[in-house]
Amino acid sequence: SSKSGMSNPQPTAGLAQLALQPPPNPCHHGGSSAPAVITSYFSRTDRLQYRKYEYGAFTGSLKSLRDYSEQLKDMVAFYLGCSFNFEKVLQAAGIPVRNIEQKCSVSMYKTAVPCYSVSTFCCNLVVTMRPIPECKLEAAVLATSELKATHGAPIHMGNPGLLGIQDLSKPDYGDPVHLHPGDIPVFWASSVTGIEAVINCRSPLAFTHSLDCTFVTDLKNDRFTLGSSREVPQVHCISQDPLHFSMASAEAAKKIKTLESLIGIDPGNRGIVHLLRPGELLKACLSLSHSRSVLVTTGFPTHFNYEPPEENDGPPGALAIAAMLQALEKDVAIVTDQRAMDLNKKIIEEAVQIGILKKPVPLLSYQRESADSALTFLCENGNPRRPRFDHLIAIERAGMAADGNYYNARKVNIKHLVDPIDELFLAAQTIPGITTTGVGDGGNELGMGKLKDAVKKHIKNGDVIACDVAADFAVVAGKGFVELPGMTIFECLQNSQRLLKQQTVYEEKLLKALVQLGVRSGVSASLEMEVDALPFYNTHSPMIEKLLQEVQH
């Protein structure tokens, strides 16, 4: 590899499986050719030991396949890349390879992650695990990401439980490899997955290699590198409990940083520049990209003398996020106050009719009936090991202050209009695997408790109104632009270009629908095309266009 400094690339190792009666079209790679039929003699004798499977059951080990010459005429050999190839690359980059140090085979584990099925081939992913010092994670990703044919970059870094692996000391294949202090378990896709596919397809007859008896080719690793890539990977920690690292290219991280600075513009001059924490939007995006099921909440009933009392800067962001999640085929639901269920149902119906949402989003409410209500709501049968959601997002949602009340920016207590949805965010702090994001512009929104010291110091009335409930990630958006982080996250996750191009139209139509439903501007209580007293056409629309230009640049 050119980036590892290796002057003598190592020969490429591979694993081989042979299966009888393969599906008629086993390759679905967007135009790539099907595997070649291997008829040469070496496929029968090139390894020290083979394993024989009949209808998915292991029926014995063999030192040669010569006795199966007739059967082999109707069989196809698949040679799969092996992660052993990049171990020399890691060493050349100054990264310790613990299984080599400990003179044992690498650990391999069956995961709970399903592979894409093709015909009768279906199974869960098998991974190899190598302990990597935390300070070397980025170097390990960089060294291996170029070797696409030998599995490339890791698929997971951190807590093995997120892959369904319960005990690292008990690998399904290979030997246990011990972690040193400061090591992070890092997992790469393993070609032993091929063995699981052979077993699960229950072919009448199949042969695979025995572990560590791999086929070594005369092909060099450098033949399979991509050369210098623009997408230089960066590693970011997105969760401490459970420990979880994620990756983003340097280019993507830079773009998201630019977007974060744009949404942090403060046209209302509220002093939110003091609340900004660089990097929060990137971590929120990365965490969302790993999520399967997301719960979104919004609603700030600041206009207590009107019906409905909600202001209009939360719903657009909530629906933009919901649209992004739908497009990424993730599960998404919205939770709101019981008294606002009818209003939010109408807003969702409008969003579907406008074209923002592909289909209606499930609408939920939460009430505290017992000490375990939040746990029961978030987890199946109240079991913290089985959460229904793995990410919670609050966008412009009234947040509980330190005294247990809820305040608008003018220090008016609106607790009588707010259901205790904060309890879900508090409970999430005790449930491994659930992360949270809060989006706001004044510090009194749910999730902004992470910034409460700065809110108390720099925001008017902050000593009273500051939200006391923290989210894992606190995304600060300029006054009047609170709906935009939803669109920004939407774009950062590379969603549909069709939705991107029509975002300004969607925002305009939705704001008109909110006006018709009696949802008012936050500062002025006006039923006009404005948010927080800032006109849509002179302020919001140009900002949306600027964000779109930055994303599409």
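The values are calculated or read from the model by the stated rules, or taken from the named source; none is laboratory data. Since the model is a prediction, treat every value here as computed from it, not as a measurement. In this analysis, Cβ positions are derived from the backbone assuming ideal geometry, glycine residues included, and neighbour counts consider all displayed protein chains. Keep in mind that these areas ignore ligands, DNA and RNA; they rest on the heavy atoms of the full protein, side chains included. Shrake-Rupley method; radii C 1.70, N 1.55, O 1.52, S 1.80 Å.
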Review point. On the accessible surface of the stretch 60-132, probed at 1.4 Å, how many percent belong to carbon and sulfur atoms?
Key: 55
Point to revise | Probe 1.4 Å - accessible area at Tyr366, Å² to nearest ten | key: 10
**Study point:** Hz values of 3J(HN,Hα) by residue in the stretch 75-84 - Karplus curve (6.51, -1.76, 1.60), Gly and Pro given as x
**Key:** 10, 10, 9, 10, 9, 10, x, 10, 6, 4
Review point. Around Val332, which amide H atoms from residues at least 5 apart in sequence, or from another chain, sit under 5 Å from its own amide H, with H modelled in the peptide plane?
Key: Val294
Practice item. Using a 1.4 angstrom probe on heavy atoms only, work out the carbon and sulfur share of the accessible area of the stretch 317-365 in %. Key: 47
Exercise for review: Taking amide H positions as placed in the peptide plane 1.01 Å from N, state which residues far from Gly447 in sequence (5 or more) or on other chains have amide H under 5 Å from it.
Suggested key: Val469, Ala471
Revision key, fill the gap. Pairs over 31 Å Cα to Cα, from Lys345/Lys411; Lys52/Lys330; Lys456/Lys509, come to Lys52/Lys330; Lys456/Lys509
Exercise for review: Give the carbon-plus-sulfur fraction of the accessible surface of the stretch 381-451 in %, rounded to a whole number; probe 1.4 Å, heavy atoms of protein chains only.
Suggested key: 49
Exercise for review: Quote the accessible area belonging to Glu350 in square angstrom, nearest 10, computed with a 1.4 Å probe and with ligands, DNA and RNA left uncounted.
Suggested key: 60
**Study point:** Probe 1.4 Å - accessible area at Arg51, Å² to nearest ten
**Key:** 70
Check your understanding: If you roll a 1.4 Å probe over the heavy atoms of the protein chains, what accessible area per residue do you get for the stretch 343-457, in Å²?
Key -> 44
Revision key, fill the gap. Under the 7 Å Cα-to-Cβ spin-label approximation, Thr217 and Leu363 lie apart by a distance in nanometres of 5.7
Review point. When we measure straight from the Cα of Lys170, which aspartates and glutamates land under 20 angstrom away, once same-chain ones fewer than 8 places off are left out?
Key: Glu101, Asp183, Glu196, Asp212
Check your understanding: Taking N as the number of residues in the stretch 296-368, what value does Rg over Cα atoms divided by 2.2 N^0.38 Å take?
Key -> 1.09
Point to revise | Per residue accessible area in Å² of the stretch 46-187, where ligands, DNA and RNA are left out and the probe is 1.4 Å | key: 46
Exercise for review: Name the residues whose placed amide hydrogens come within less than 5 Å of the amide hydrogen of Glu528, ignoring near sequence neighbours (fewer than 5 apart) on the same chain.
Suggested key: Ser521
Study note, to complete from the structure: For 407-415, 207-215, ranked highest to lowest by mean beta-carbon neighbours within 10 Å, the order is 207-215, 407-415
**Study point:** Packing rank of 507-515, 162-170, where each peptide gets the mean count of other beta carbons within 10 Å, highest leading
**Key:** 507-515, 162-170
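Tell me, in nm to one decimal, what length is gained between Val412 and Lys457 on full extension, where the rule is 0.36 nm per residue of separation less the Cα-Cα distance?
Taking 0.36 nm per residue and subtracting the Cα distance, the gain is 14.3 nm.
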Revision key, fill the gap. Listed by chain and number, the aspartates and glutamates with an alpha carbon less than 17 angstrom from that of Lys452, same-chain partners under 8 positions apart left out, are Glu280, Glu396, Asp403, Asp422, Asp441, Asp463, Asp468, Asp472
